[in-house]
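Since the structure comes first, as structure tokens, the remarks are kept for the end.
Where a number appears in this text, it was derived from the coordinates with a stated rule and is not lab data. Note that the coordinates shown come from a computational prediction; the quantities given were computed from them, not determined experimentally. With ideal geometry, Cβ positions are generated from the backbone for all residues, glycine too; neighbour counts draw on all protein chains shown.
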Amino acid sequence: MLIARVIGDLVATQKHDSHHGRKALIVQPLNLDGSDRGDAVVALDSVDAGIGDRVLLVTEGYSAMTSVGRPESPIDMAVIGVIDRIDLG
Amino acid sequence: MTLGRVVGRVWATVKNRPLEGQRLLVVQPLTPELSKTGKPLVCTDAVGAGAGELVYWCKGKESSFPFLPVEVPTDATIVGIVDEVHAQRAKANERAC
């Protein structure tokens, strides 16, 4: 999984059925120092994360689709946790 | 999933049989600020995306699921047409991990 920050969301009325009923969040993966780690991605929300939250992002399809309860669906990323604290060292 | 824009289409009469009837669209990945990032790729299409449209696409084995029971040999499929994108990046000093 990746540490990431929710920086926005997107609206898509025309989309695959399995995506209905779930927020599509714009999520920016982060390095441990808070800098951007690669490009922002689109992830379905499974924990009601809000914009600005620091979250746990899963980037593999099987876990992503099962986390939102939609097996056999075209989902390859999901927000699966809201991070409270990170202890390092 | 990843944001992108449909920038073209690929036609291939000779192809793997389950690909027949599939639209093959050329997609340029984008950032939430809609600037280009990374290189274009070819996606199958599960939602009827048109040229120039802002879309998001899914990669990997999951991208073949919209076409089941046909086992389409695809690793990237457009799964949504984007109406609006709202993205607001924290200023550098506000960002703490």
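If the condition is being hydrophobic (A, V, I, L, M, F, W, C) and touching a strand residue (DSSP E or B) at 6+ places or on another chain (Cβ under 8 Å), then the range B:36-69 contributes B:Leu41, B:Val42, B:Cys43, B:Ala46, B:Val47, B:Ala49, B:Ala51, B:Leu54, B:Val55, B:Trp57, B:Cys58, B:Phe67. Check whether at least one residue in the range A:45-59 is facing chain B (nearest Cβ under 7 Å), outside any strand (DSSP E or B), over 12 Å from A:Val79 (Cα atoms) and not hydrophobic (A, V, I, L, M, F, W, C), and report yes or no. So far as the range A:45-59 goes, no, none of its residues is facing chain B (nearest Cβ under 7 Å), outside any strand (DSSP E or B), over 12 Å from A:Val79 (Cα atoms) and not hydrophobic (A, V, I, L, M, F, W, C). If you go through the range B:46-64 and keep only what is buried (at least 23 other Cβ atoms within 10 Å of the Cβ) and either of a type outside the set (Val, Ile, Thr) or outside any strand (DSSP E or B) (or both), you end up with B:Ala46, B:Ala49, B:Tyr56, B:Trp57, B:Cys58, B:Glu62, B:Ser63. The residues of the range B:30-56 that are touching a helix residue (DSSP H, G or I) at 6+ places or on another chain (Cβ under 8 Å) and facing chain A (nearest Cβ under 9 Å) amount to a single one, B:Ala46. Among the residues here, A:Ala64 does not qualify as buried (at least 22 other Cβ atoms within 10 Å of the Cβ) and not in a helix (DSSP H, G or I).
Identify the residue in the range A:28-44 that is in a loop (DSSP other than H, G, I, E, B) and either within 7 Å of chain B (Cβ to nearest Cβ) or under 26 Å from B:Ser63 (Cβ atoms) (or both) and, among all such residues, is nearest to the chain's Cα centre (by Cα). By that ranking, first place goes to A:Ala40. The set of residues from the range A:4-23 being more than 7 Å from chain B (Cβ to nearest Cβ) and surrounded by fewer than 21 Cβ atoms within 10 Å (Cβ to Cβ) comprises A:Asp17, A:His20, A:Gly21, A:Arg22, A:Lys23.
Conditions: (1) part of a strand (DSSP E or B); (2) surrounded by fewer than 21 Cβ atoms within 10 Å (Cβ to Cβ); (3) away from chain A (no Cβ under 11 Å). B:Val27 meets all but one. Number of the miss? The failed condition is (2). Quick check on the range A:71-88. Is at least one of its residues in a strand (DSSP E or B), free of Cβ contacts under 8 Å to residues at least 60 places away in the same chain, facing chain B (nearest Cβ under 8 Å) and surrounded by 15 or more Cβ atoms within 10 Å (Cβ to Cβ)? Checked against the condition, which is being in a strand (DSSP E or B), free of Cβ contacts under 8 Å to residues at least 60 places away in the same chain, facing chain B (nearest Cβ under 8 Å) and surrounded by 15 or more Cβ atoms within 10 Å (Cβ to Cβ), the range A:71-88 yields no hits at all.
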